[in-house]
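Reading through the structure tokens given below for one structure.
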Amino acid sequence: MSTLDSILEEINKANSIVILTHENPDGDAVGTALSLYNALKQYGKSPDVIIPEYSKVFEFLPGTSEIKKESDVEKYDLAISVDCSDIKMLNGFSKYFENAKMRIVIDHHSTNTMFGDINFVNPDSPACSQVMLVILKHFDIEITKEIGECILTGIITDTGGFKYSSVTSETFEFTSWLLSIGINVSEIYRKVLQIKTRPNFELHRIAMNRMEFLEDGKIAYTYITKADEEDTKAQNGDHEGIVEIGRDIEGVEVSIFVREVEKGCKVSMRSNDDVNVSDICLIFGGGGHPKAAGVTMQGTIEQVKEKLLYQVKAILK
Ligand code: AMP
Ligand code: MN
Ligand code: MN
């Protein structure tokens, strides 16, 4: 039996299903989770989606009003994790995954640790929602406008608006098809990528002022503090996009963005052609994709900066 057929068999067998995704969820995380939620409802199931906090940018997506912050840990026959490379990234919500009778992982991270009983991971896909579209089509689920909007949100956010090298010809084929079934691609693009909240803009301004160029301009480095986020009244997700600023500057090979958080610092890294930033993040216990990766590290901003620069400089030499 193929992996996808086993996944469908488990869905058919399960009376209670929970859908989970990574902490600090981005558009691909929320979009993929809700595309599966809407699809399973259409299939006659009533799954729970548990996402403690997410950016209000994604509140327009169909199904957000049903998202739960918590639930009964013992309740689930089946847990499905989407867009998450490592059980650690499920954070406090790994308990729902660990306690479920059957666990499925659907993902697109090359660093996925295959932490499910069944794993369906395609690192060649630019978004987990694109993987989900393939799965739902295999299940003969009708891709309604609601499901299509969720899938497109994942594709647009994880490809930076179709511009990353991870984009495949299927990405455009799917998008063209989604357009043909009446999905307003430009409206979703504007909602999830173009419109910036004021705090997001203010944090960009602060990060740009602090941007440093190191190693002959091959490294762009910047950071924001907890105080910056308080001053700008930042909400969940308002730091999104800052790491992209550095990568887009001529001569930069690696962009590093450090954000002070409760547990230490959340690092985001992006690269252009030559450097595999997921290898660098793996050294510190994180992961991601070759050109977009992250890790949470202990220590002050200065300490984290020093550790990261040591590794990046070694690779650039
Ligand atoms: P970010 O910089 O947070 O947008 O993350 C870039 C990519 O790296 C995303 O695909 C994340 O899922 C992944 N990533 C971020 N932080 C971690 C981490 N601590 N462990 C594993 N993967 C991560
Ligand atoms: Mn994600
Ligand atoms: Mn993703």
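The values are calculated or read from the model by the stated rules, or taken from the named source; none is laboratory data. The structure presented is a predicted model; accordingly, all values stated were derived computationally and were not measured. All Cβ positions, glycine included, derive from the backbone under ideal geometry; neighbour counts span all protein chains shown. Surface accessibility is based on the protein's heavy atoms, side chains included, excluding ligands, DNA and RNA. Shrake-Rupley method; radii C 1.70, N 1.55, O 1.52, S 1.80 Å.
Can you name every residue in segment 286-317 that is within 8 Å of ligand 1 (Cβ to nearest atom) and over 23 Å from SER165 (Cβ atoms)? Full working, then the answer.
We begin by selecting, within segment 286-317, every residue within 8 Å of ligand 1 (Cβ to nearest atom); these are 286-289, 292-296.
Across segment 286-317, the qualifying residue is only THR296.
The residues in segment 242-258 that are under 17 Å from the mean Cα position of the chain (by Cα) and surrounded by 18 or more Cβ atoms within 10 Å (Cβ to Cβ) can be counted, and the count is 3. For TYR223, the conditions (1) touching a helix residue (DSSP H, G or I) at 6+ places or on another chain (Cβ under 8 Å); (2) open to solvent by 50 Å² or more (accessible area, probe 1.4 Å); (3) within 16 Å of ligand 1 (Cβ to nearest atom); (4) in the same structural domain as SER55 (by TED's automatic domain parsing) all hold with the exception of (4). For segment 296-317, the tally of residues that are modelled with pLDDT of 95 or more and either open to solvent by 70 Å² or more (accessible area, probe 1.4 Å) or not in a helix (DSSP H, G or I) (or both) stands at 10.
Comparison of ALA293, ALA234 shows that the only residue that is surrounded by 15 or more Cβ atoms within 10 Å (Cβ to Cβ), within 16 Å of ligand 2 (Cβ to nearest atom) and among the small types (Gly, Ala, Ser) is ALA293.
Across segment 16-30, a minimum of one residue is classified as assigned to a helix (DSSP H, G or I), within 16 Å of ligand 3 (Cβ to nearest atom) and small (Gly, Ala, Ser). Beta carbons closer than 8 Å, at least 6 apart along the sequence or on distinct chains, pair a first residue in segment 57-72 that is touching a residue at least 60 places away in the same chain (Cβ under 8 Å) with a second that is small (Gly, Ala, Ser) and surrounded by 12 or more Cβ atoms within 10 Å (Cβ to Cβ) for VAL57/GLY27; VAL57/GLY237; PHE58/GLY27; PHE58/GLY31; LEU61/GLY31. Look at ASP28 and say whether it is closer than 30 Å to LYS266 by Cβ and among the acidic types (Asp, Glu). For ASP28, the condition - closer than 30 Å to LYS266 by Cβ and among the acidic types (Asp, Glu) - is met.
Being modelled with pLDDT of 95 or more and open to solvent by 10 Å² or more (accessible area, probe 1.4 Å) is a description that does not apply to GLU262.
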